[in-house]
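First comes the structure, then the notes that go with it.
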Amino acid sequence: MMLLVIFLILMAFLTYLVQEAKTSRIISLMAIFGAWILWTTAYQLSTLSNWQAVPFINDGLSQLLSLLILFLGTLAFVYTSASMRSQERTSQHIALLLLLMAFSIAVCQAGDIFNLWLWFEALAFASTMLVTFHREDELALEASFKYLIQSAIGSSLILVGIALVFTETGSLSFSEIDSLENTALIASFFVIGFGVKAAFVPLHTWLPDAHSQAPSAVSALLSAVVIEVALLAMLRCLSILEANSGLLLMGFATLNILLGNLLALEQDEIKRLLAYSSVAHLGYICLAFGIGLYTGEIRAFEAAFFHLLSHGLMKALAFFAVGSLLFLGEGKHFVLRLESLNGLGKRFPMIGFALSLALLGLAGLPPMLGFFSKWQIFLGAVTSDNAIAFLFIGIAALGSILSLGYYAPLVARIYQKNCSELLKTEVTIPLGIRLPIFILACLVLFLGFYPSLLSPFFRTAALALLGR
Amino acid sequence: MSELGLIAFLWLGAILVLLLKTEASKHHLAFGVGLVASLLAALLPLSSFNEDFKQSWQSFFGILSFQVDPLAASLAFLATSIGTVCILFSWDYMAGEPQIGRYYALILFFIGAMLGLVLSNSFFQLFFFWELTALCSYALIAFESDSPAAVEGGVRALIITQIGGLGLLFTALLVYQQSGSYEIGQFLSDFPSYPESLKVILAFGILAAVAAKSAQVPFHTWLSGAMEAPTPVSALIHAATMVNAGVYVLIRLYPAFQTVAYWKETVITLALLSALMAALMALASWDIKALLAYSTISQLAYMVYAIGFGDLAAAQLHLVSHALFKALLFLSAGAIIHNLGTRDMRQMGGLWHKMPFVRNTVLIGTAGLVGIPITNGFWSKELILDAALKAGSWTYWLMLLGLALTTAYSVRMLRLLLTGNAKSEPKHPTSLAMKFSLAFLAFGVLTSWLPLSSAQEINAYPITNSESLLDVLFNPATYLALTVIAVASFLAHKAENFAKHFDRLTTIFASEFGFGSLNQRLQRLIQGLSAVLSQGQTGILSWNLVAVFLALIILLLLKGALL
């Protein structure tokens, strides 16, 4: 696993140095291929390795997350190389994508708090650069600037937390630290610091801008992986503290669910709507973790990982499908309104169908993956047999119904008979864009019926987080 | 296994329909799939009667479990056969529709989901298919997605049934928490040992789900909005099958819940309110489909009412009767709408001579709805009224009033449709496919009670209260009911200008007793909240940072309380 990270970083630099679009594509293809090989070889081992005093943990959590990141990263790579055919700076973009993959995998594998923080900063660097890819666009610049500043504030708060841990224990390793005093103080810094990056409401204000201004493949990764990685990093850090932050997480999660859904309701920009939907879905994931922490119900942890994966696939699918509309706009970057979706199902039946699967899945309707993972969250809450968990899950259920108020009309738009202006073009969508959409649509539709393909991952990841 | 095979067959058919090219081939394939599925559904009891199918699927979701008891089998046959008839009817009704593939695919997908719903023997599956039927219903209501009314009606239907559906969701989860299994059979036998408080939660949770799905008060507002769907869809989903799902679940779980305190009383009260209020709404409606929708609410309430008195057989019988006569009425209305191009009954009239075939089917359907002897509605409705009378309940008299109202709105509808001067000329004669669909359902209305009365074993819950349908004939209450019908139709016929004298009342009825505007107000409230919150998203960096630090400060102050 450690090799995986180092390899990806090296290949990213190589890709960047090449500059020439075609060669850089070949190099990055090799990089991704190699990464998959490294992942499969490292998958069996559960180890703690050290490289120049940079410790890596290879446990259930990092395996699951690196699988998701690698998978979505590969699709994003295919998607990006197809959609950026006409643009300059392809090699930089792809190099940054590789870095994003490498750093987010590294965050999940960091063996001590300080290195976790370092990898985290590196990740923020990569993602900020990716958000500002359309540098000629003022809005994109503004978005990335806000992202940078807020994320820096978050980092400094985390650093304060780490300093407090170090002054008390003299150690930073996850495995060595035990029995801390002042845990509530430290926990507050961790929760707010990582909370900024995980888009906890009301710290989420950077997210709608950043996720809607980034190129679609990047939006997909940011929404599907990066904010979730921040949440997991927070949980790793909180796991060394005595204090039980379950209740606090449940509270933030409920805020996220309610506010995310309410704000998405009146949105008329598609990508912004999807960004708010990510705020809400982070809430569901966080709620499941909170219930797990609060009641000790392992099923809730498993459900959280299930929903993390399922949301990742569905949201990536949604962003990819929406991104294909942007592709029609001749490479220019522009704001996509809801009306542009009108008649998508008529003009591009496969993409329209895939997008409706993603949207209905995000709303939690069967037979999509989102139904099954939400069911697991509810099940985790109910089997924990805890009145407070019950209360929170009830609010979450209402929020989930509320979300139908914006997902369902979108699906109706897709099947309108009159095409929007944008769709009245002769441009065809290349295979490199259609293929990732098709693969994700199949997974969203069928994976739910075979949860046992993945449930061992959820179990080991849950155990890893519990420190068992 | 045959159950799963049948569902898979229908769903495969749906996918194939999407892949075909021409309109005709799509129609023929959909019809063929429906026909074969109906035959297979009719054979379903032979293959696996009394032989429950269980298979461990994925430990995540418990055991895959189906059962085919007479109740489930009759509903499965009803869903497939009426579905096929509706597909046949759509041949002309939907002619020229560019997205016809999606239409047929959704109908086949819906029939499969409905089969899954009635055949499931596990709460997880029940909820899965329950939501699936809601999804299909949404997609078909909003089928004409260029019309904002259709989309709004669809979203409203989806959201309201989902709110009720929470009751089913939490029932399923709580049952699992209690017993480690989702199986309904096991639940029914374990239920007496459950803690009292849990019993109450489950019983009333299911009731909420049932009321939402079967459009009972206070969840009834979605059904009139659902009338934006193409008429064959209204006939299939919003009259004959999906709206019955609530009643079906109530029948299935009644043995467990009957002991819960005040549960039966609540069921009866809900049914009374729904039956009377919906009948009054029907009395004030000018839209023929809305009228039929209100009538559906009212008739479903009769079934719920029978369940409240424990007469499951009567409820089941009325379920089948209603499915047939209401599908017939809807399709007849569809034939009229297709011909005249309007849903407003004020634009109709004089159809007695203009559309003789449809006139006959409307008359048969209405006879079933009102409960004129030898139609299936007569037997089932008398049995329901009988159950209340035998229980010595005073509510019997209110239900008799409901019968009078049913007669009144039926006579009003007939008068508006058939008599008077034709306001618009029929464009073309009723096509053969439409005639055949109507004839099939009319035949069902006249005869469906025959097998149900003779073969006791077809009823999941044999008729115990009245031994046999023959008793209905020798029961004085039957003649009282018939007198009520006669008097009510006479009065309704005389009081031609009823609506004009009671202006204020009719506005109340037409507004669904204010529930419609309540929905809108709630919707506007949420939208307003959303708008206010959006204003809070200034996008100004300084304010964003203020939020971050404020959150930190609050957390530091609260640290003792929260951590």
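Here, each number is a calculation from the coordinates, and none is a lab measurement. Owing to the predicted nature of the structure, the values given are computational and were not obtained by experimental measurement. Here the Cβ positions follow ideal geometry from the backbone for every residue, glycine too, while neighbour counts run over all protein chains shown.
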Report summary line: For chain B, shape from the Cα gyration tensor axes a ≥ b ≥ c, cut at a/c of 1.5 then a/b versus b/c, turns out rounded
Report summary line: If each part is reduced to its alpha-carbon centroid, the stretch A:280-349 and the stretch B:142-170 end up apart, in Å, by 21
Query raised in the report: What pairs in A:Lys271/A:Lys424; B:Lys213/B:Lys264; A:Lys346/B:Lys213; A:Lys271/A:Lys346; B:Lys213/B:Lys390; B:Lys213/B:Lys381 have C-alpha atoms more than 26 Å from each other?
Result: A:Lys346/B:Lys213; B:Lys213/B:Lys390
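Can you give the longest run of chain B that contains no trypsin sites (Lys or Arg not before Pro) sitting in a DSSP loop with at most 10 other Cβ atoms inside 10 Å?
On the way: sites that count: B:Lys21, B:Lys427.
Within chain B, the longest run free of exposed trypsin sites (Lys or Arg not before Pro) spans B:22-426.
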Query raised in the report: Summing -39500 (n - 2.57) over the DSSP H runs of n ≥ 4 in chain A and dividing by its residue number, what mean residue ellipticity at 222 nm do you reach, to the nearest 500 deg cm²/dmol?
Result: -24500 deg cm²/dmol
Query raised in the report: What's the longest piece of chain A with no exposed GluC sites (Glu not before Pro), counting a site as exposed if DSSP puts it in a loop and it has at most 15 other beta carbons within 10 Å?
Result: A:331-425
Query raised in the report: If the chain between A:Phe125 and A:Leu453 were fully stretched, how many nm would it gain, using 0.36 nm times the residue separation less the Cα-Cα distance?
Result: 114.6 nm
Report task. Determine which aspartates and glutamates satisfy two conditions relative to A:Lys22: a Cα distance under 18 Å, and not lying fewer than 8 residues away in the same chain. Result -> A:Glu88
**Report entry** Counted charge near B:Thr231, where neighbours are those whose Cβ lies closer than 11 Å (Asp, Glu -1; Lys, Arg +1)
**Finding:** +1
Query raised in the report: Between A:Trp36 and A:Ser175, what length in nm is gained on full extension when 0.36 nm per residue of separation is reduced by their alpha carbon distance?
Result: 47.2 nm
Query raised in the report: In terms of modelled amide H atoms, which long-range or inter-chain residues lie less than 5 Å from the amide H of A:Ala110?
Result: A:Ile57
Query - For A:195-208, mean number of other protein chain Cβ atoms within 10 Å - result: 4
Query raised in the report: So which chymotrypsin sites (Phe, Trp or Tyr not before Pro) in the stretch B:333-425 pass both tests, a DSSP loop state and at most 15 other Cβ atoms within 10 Å of the Cβ?
Result: B:Trp394
Report summary line: Where a ≥ b ≥ c are root eigenvalues of the Cα gyration tensor, a/c under 1.5 meaning rounded, otherwise prolate if a/b exceeds b/c and oblate otherwise, chain A counts as oblate
Query raised in the report: Among the aspartates and glutamates, which have Cα under 18 Å from the Cα of B:Lys427 when same-chain residues fewer than 8 positions away are ignored?
Result: B:Asp92, B:Asp344
Query raised in the report: At a Förster radius of 30 Å, what calculated FRET efficiency corresponds to the Cβ-Cβ distance of A:Asn182 and A:Ala152, to the nearest 0.05?
Result: 0.75
Requested in this report: Return the FRET efficiency for the residue pair B:Leu556, B:Thr22: r is the Cβ-Cβ distance, R0 is 56 Å, and the value is rounded to the nearest 0.05.
Outcome: 0.20
Report summary line: Diffing the stretch A:225-231: the Karplus 3J(HN,Hα) column from phi (6.51, -1.76, 1.60, θ = phi - 60°), in whole Hz with x for Gly and Pro, holds 10, 5, 5, 5, 4, 4, 4
Query raised in the report: Which percent, nearest 5, of DSSP beta bridges in the protein assembly as shown are antiparallel?
Result: 100
Report summary line: Among the stretch A:308-329, those whose backbone N falls under 15 Å of a label point 7 Å along Cα→Cβ from A:Glu136 are A:329
Query raised in the report: Once you sort the root eigenvalues of the Cα gyration tensor of the stretch B:112-157 as a ≥ b ≥ c, which label holds: rounded (a/c under 1.5), prolate (a/b larger than b/c) or oblate (the other case)?
Result: prolate
Query raised in the report: When the helices in chain B are scored as -39500 (n - 2.57) per DSSP H run of 4 or longer and the sum is shared across all residues, what 222 nm value do you end up with, to the nearest 500 deg cm²/dmol?
Result: -24500 deg cm²/dmol
Report task. Would you tell me the mean number of C-beta atoms belonging to other protein chains that fall within 10 Å of each C-beta in A:352-360, as a whole number? Result -> 1
Query raised in the report: Is there a simple number for the mean count of other chain Cβ atoms within 10 Å of the Cβ of residues in B:279-290, and what is it?
Result: 0
